1. Would you mind getting me the FRET efficiency between Thr83 and Ala154? Use the beta-carbon distance for r and R0 = 30 Å, nearest 0.05.
2. Sorted from largest down, what three extents in whole angstroms do the Cα atoms of the range 359-518 have along their principal axes?
3. Among Ile429, Ile337, which comes first, second and so on when ranked by fewest other beta-carbon atoms within 10 Å?
4. Report the calculated FRET efficiency for Lys316 and Gln93 (r = Cβ-Cβ distance, R0 = 35 Å), to the nearest 0.05.
5. For Arg129 and Glu16, compute 0.36 nm times the residue count separating them, minus their Cα-Cα distance, and round to one decimal in nm.
6. Please list the non-local residues whose amide H lies under 5 Å from the amide H of Lys184, H modeled 1.01 Å from N, same-chain partners needing a gap of 5 or more.
7. Give me the distance in nm between label points sitting 7 Å out from Cα along the Cα-to-Cβ direction at Thr571 and Glu589, one decimal.
8. Separation of the range 89-139 and the range 571-594 by C-alpha centroid, Å?
Amino acid sequence: MKKREDYPAKEKWQVEDIYPNEEAFNNDLKELKEKLNNYLKYQNHILDNAQNLYNLLTFDIEYSKTLEKVLTYAHLLNDQDTTNTHYQSLYGQVCNLYELYSQTTSFVTPEILKKDYSLITKYYKDEPRLKEYERILKEIFKVKPHILSSNEEALLSRVSASFRLPEEAFSYLTDADLTFGYIKDSKGEKKVLNEKSYHILMQDKDQNVRKKAFQKLYKTYGSFKNTYASLLSYEVKKNNNIALARKYNSALEASLFCNDIPTEIYSSLIDIVRNKVNLLSNYWALKKKALNLKDLHIYDTYAPIVKEKDRTFTIKEAQSLIKEALSPLGKTYQEDIMKAFSESWIDFCPNDGKRNGAYCTACYSVHPYVLLSYEGTLNNVSTLIHELGHAMHYYYAIKNQKFQDYNYSIFVAEVASQVNQILLSKYLIKNSKDKEEKKYLIDDLISDFKATIYRQTMFAEFEKKIHELDQENEVLTCDVLNDLYYKLNQDYYGENIVIDKEIKYEWMRIPHFYMDFYVYQYATAYASAIVIALNLLENKENAQEKYLKFLSLGATMDPISSLKVAGVDITDSHVFDAAFQYFDDLIKELENLF
């Protein structure tokens, strides 16, 4: 890999937009440390009068805004070169400050909740500027039944770092300590088997290569089955115990509560997807035929039915393609998204030491930032347009909302990114003149649906069931987890596929099971994105206007209501009816090309 300094400045994000130099960063960091104890002068006096409450909230917003700046600056530097010990130190200092901030301010919410909201209503009249924080105050009082005493909250805050232990141990074990040996690919080349190469090997044209990689990977995971079972069991116990302490009925309810999502949405998603397994079975039958296989095994599911065209795109070509593909969103959106390129929001360099993967993050005081390692593939372009969807969601929220209201709910976080990806795929399919390329592109869209709707919902059900088992005092041994996971694979993947026994170990390598009921949102967001993208492509009345309004809302509406602004009622089964119809249409479109 090339070193970072070998890449031109135009391919790197511009962290100088946050701070012109490290001295300016250090000045803010020092000032934040000095100001932290200013919170304590409000302790036991927050609600003495309206002015005190207003002053505290105003101080906290300004403090948090600067804290976001130093945190963003440090983590961008650290991620662009994780081998740089100086950047590691900067990031570590900010993380330590953030923990101190959490501990120092842990008294605030319990103290506010000692009073009724009627007092806050009176204070709005005494100090009209308090209305700026009405949403925050309502959010605080919403969780009143689940807030502990000041001492208990302080204790929880102090021990919160230990709650990350299962996730961190999982990460170190999976990403650093495990070794999987070597595999020869279909060209006879010896490849190191790891999580990154496994994904590539699962797309090898030789079924025997896929089988060997599959078996070898899961044999290694299986040899650590008791360790992984212990880690996941403790993660589940932690979630259940915290939920119990905070007087929730379940860890699921606790996780969904703050986003205003009823547990019925989670449960109905599982029911809906389970009832549509027949469509996936139809796809397996088509895939088996296309790959000319006697039996389609679970390790064949990632094999493309046709070889990807060796198309590459320069950054300039990717920029042009992205602009064209997003034309259904209108000229203003196209012009705004081009700022990401012209104003250096994006870090393209696949340099040595750079953090793996891709993401978008935002700094309210500046603009969003996007990280990926761009090497010119179509997959890179797809990743880029995905992350730019997040960036534009942040951009419009920052542009239209105050700091305290810009950060939208995690429930809708994947909508904008998926809308962009679907529009790109549809644009490429429409404009392709090559039959084999069309097959590849349509199959890729089908694979996205399978991975996001079926697979993530299966994960969601596994997560729900293991928490329920723990609540019922069932011991989550590796055998219990293996049997449950294998059965779910049988249920969700349906007919026309062989569910190989090794798949029972797959739960061991899924990091999302340490993210507290996160995965279901991929499925609900993707279904929502399908409806929005189709409305845009079909030029439905006010579809563009509704969607751009949705992007600008930030946190000012609950996520279900904000999706309704975009024309999607996620509580209505018709959303999923439309999504599965889209999936069925793609399968038929692919079938007609054979």
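1. Values: r = 37 Å, r/R0 = 1.24.
Using R0 = 30 Å, I get an efficiency of 0.20.
2. Result, largest extent first: 50, 50, 23 Å.
3. Details: Ile429 18, Ile337 22.
Final ranking by Cβ density, sparse to dense: Ile429, Ile337.
4. Values: r = 38 Å, r/R0 = 1.09.
Given R0 = 35 Å and the Cβ-Cβ separation, E is 0.35.
5. Working: separation 113, 0.36 × 113 = 40.68 nm, distance 3.37 nm.
Stretched out fully, the Arg129 to Glu16 stretch lengthens by 37.3 nm.
6. When sequence neighbours closer than 5 places are left aside, the close amide H contacts are Lys191.
7. Going from the Thr571 label point to the Glu589 one covers 3.2 nm.
8. 46 Å
Bear in mind these aren't lab numbers, they're just calculated from the coordinates by the rules spelled out. Everything numeric in this text was worked out from a predicted model, so none of it was measured. Please note: Cβ atoms are built from the backbone with ideal geometry, for glycine as well, and neighbour counts cover all protein chains shown.
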